[in-house]
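Notes follow the structure.
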Amino acid sequence: MSNLFDLTGRRVLVTGATRGIGLAVARTLQGCGASVIITGRKPDTIATALQQIPGAHGVPCHQGDLAAIERLFASLANEGRLPDAVVINAATNPVMGPLLDIEVEAWRKILDVNLTGALWTAKLAVKHGATSLVFMASVAGLEPIPGLGAYSVTKAGLLGLMRALARELGPSGVRVNAIAPGLVETKFAAALFQDATAYREVMSKVPLGRHGQPEDIAGVGAFLCSPAAGYITGQVIVADGGGRV
C-alpha cells in the first residue's frame, strides 16, 4: 500500500505562515513531500520564514485585503503554482476586553481578516482547482473565551463557513475541514501566557497537563491535506490536550 501521508507532487498554500502554527504547518507539509507556498503581510518576515523551509515559495498577502487575495491567486496562476490544497491560517486579534466595548474599526478588522478574507481565499482556491481546504479555527469558536469576544465570534463563524462549504463542495470532490487548537505557545497567544491566573485556569482543565506547541497542530494540518483524510469532510479536529473532554 502506498504511503497515505505522502504529499509528493502536491502543492499546498499556507496563509499567515511566517511564524507560529502557520510556519510549523508549512514545515511539516514540506517534510511530507509537498511543494509549499506561504503568505504573510511583510516581505521581510516571509524571507525570514523561508530560511526555515528552503525551497518553499513566499508571496506577500494581507488576508484582510480582498484585492490582495485576488492578486495572490493571479500571481500563482501566472507562475504555474496554483495549490491543490490550502491551509487558511492567517488571523488577527488586535484587542482584548468586553465585546460590547469594542470599537467598530477593530470589529471590522477582525471580521475582514478572520472570516471574510478566509471565505475569499477559499473561493479563489476552489475556483482555481484546489480540492482540499483546511481552516485554522480555535477552541474559542466552540466556547467563547472571555476577553476575546470578537475573535471567538469569527472563529465560530469560520466553523459555520467550513460546514456550509463542505456541503456545497462535497459533490465536486472538494474536502473542507477545520482544526480547533487550544492554548498554543505562539506570539499570537502571548497575552494569555502573561496572565498567570488565566493560564492556570486553562491548564487546570487540560488532562495532558501542558500547553500546546505549534508542532502539535502541524501534523493535524498535514493529515487533513493528505490522502489519509480522503473520506473526511465537514469536520473539526480539536487539538487542545483534552481540554474539552
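With N set to the residue count of the range 71-154, report its C-alpha Rg divided by 2.2 N^0.38 Å to two decimal places.
In units of the globular-protein estimate, the range 71-154 measures up at 1.28.
If you compute Cα Rg over 2.2 N^0.38 Å for the structure shown, which of (i) 0.96; (ii) 1.06; (iii) 1.14 do you land on?
After the calculation, the listed value that fits is (i).
For the chain, set up a GNM with springs between Cα atoms under 10 Å and report which of L82, L29, L169 has the largest fluctuation.
Comparing L82, L29, L169 in the GNM, the peak value goes to L169.
Restricting to DSSP loop positions (anything but H, G, I, E, B) with no more than 14 other Cβ atoms inside 10 Å of their own Cβ, which trypsin sites (Lys or Arg not before Pro) remain in the range 167-245?
Passing both the DSSP loop test and the Cβ count: K205, R210, R244.
Mind giving me the FRET efficiency for E215 and R244? R0 is 22 Å, r the Cβ-Cβ distance, nearest 0.05 is fine.
With a Förster radius of 22 Å, E is 0.60.
For the range 127-169, treating each Cα as an identical point scatterer without solvent, what Debye log10 I(q)/I(0) comes out at q = 0.15, 0.30 1/Å?
Rounded to two decimals, the profile gives -0.42, -1.00.
Expressed as cubic angstrom per residue, what is the convex hull volume of the alpha carbon set of the range 25-66?
Per residue, the Cα convex hull of the range 25-66 comes to 68 Å³.
Measure of size requested: the Rg and Dmax of the range 1-123, with Cα atoms as the atom set and Å as the unit; please supply both.
Every Cα atom of the range 1-123 included, Rg and Dmax give 15.6, 56 Å.
Quote the charge dipole size of the chain about the Cα centre in Debye, to the nearest 20; the model charges only the Cβ of Lys and Arg (+1) and of Asp and Glu (-1).
Once rounded to the nearest 20, the dipole reads 360 debye.
Answer rounded, prolate or oblate for the range 25-95, using the Cα gyration tensor with square roots of eigenvalues a ≥ b ≥ c: rounded when a/c is under 1.5, else prolate when a/b is larger than b/c, else oblate.
Taking the square roots of the gyration eigenvalues as a ≥ b ≥ c, the range 25-95 is oblate.
Need the C-alpha centroid separation for the range 39-110 versus the range 3-18, integer Å.
Taking the Cα centre of the range 3-18 as reference, the centre of the range 39-110 is 17 Å away.
Please state the relative contact order of the range 60-120 as a whole percent: Cα pairs under 8 Å, 6+ residues apart?
Rounded, it is 49 percent for the range 60-120.
Would you calculate the volume per residue, in Å³, of the smallest convex hull containing every Cα atom of the range 180-219?
Normalising the Cα hull of the range 180-219 by residue number yields 72 Å³.
Scan the range 1-104 for GluC sites (Glu not before Pro) in coil per DSSP, keeping those whose Cβ has at most 12 other Cβ atoms within 10 Å, and list them by number.
In loop regions of the range 1-104 (DSSP not H, G, I, E or B), the sparsely surrounded GluC sites (Glu not before Pro) are E79, E103.
Using only the alpha-carbon atoms, what does the range 85-131 span along each of its principal axes? Please give whole angstrom values in decreasing order.
Projected onto the principal axes, the Cα atoms of the range 85-131 cover 42, 15, 11 Å.
Using a Förster distance of 25 Å, how high is the FRET efficiency between D65 and D101, based on the Cβ-Cβ distance and rounded to 0.05?
The computed FRET efficiency comes out at 0.40.
Could you give the distance between the Cα centres of the range 225-245 and the range 131-177, to the whole Å?
Taking the Cα centre of each part, the range 225-245 and the range 131-177 sit 12 Å apart.
Over the chain, what is the relative contact order in percent, taking alpha-carbon pairs closer than 8 angstrom and at least six residues apart?
Value for the chain: 21 percent.
Please build a GNM for the chain, connecting alpha carbons under 10 Å apart, and tell me which residue among A77, A222, A150 fluctuates the most.
Of A77, A222, A150, the Gaussian network model singles out A77 as fluctuating most.
For the range 95-226, what class follows from the C-alpha gyration tensor (a ≥ b ≥ c being the square roots of its eigenvalues): rounded when a/c is under 1.5, otherwise prolate if a/b is larger than b/c, else oblate?
Cα axes put the range 95-226 in the oblate bin.
How much accessible surface does F193 have with a 1.4 Å probe, in Å² rounded to 10?
Its heavy atoms expose roughly 60 Å² to the probe.
At 1.4 Å probe size, put S75, S152 in order of accessible surface, largest to smallest.
S75, S152
Can you tell me how the range 197-245 classifies by the Cα gyration tensor, rounded, prolate or oblate, using a/c under 1.5 as the rounded cut?
prolate
Considering only protein heavy atoms, what per residue accessible area in square angstrom results for the range 88-245 with a 1.4 angstrom probe?
The answer is 49 Å² per residue.
The values are calculated or read from the model by the stated rules, or taken from the named source; none is laboratory data. Being a predicted model, the structure only gives us computed values, none of them experimental. Here Cβ is always computed from backbone atoms with ideal geometry, including for glycine, and neighbour counts include all displayed protein chains. Remember, those area values only see protein heavy atoms, side chains included, never the ligands or the DNA or RNA. Shrake-Rupley method; radii C 1.70, N 1.55, O 1.52, S 1.80 Å.
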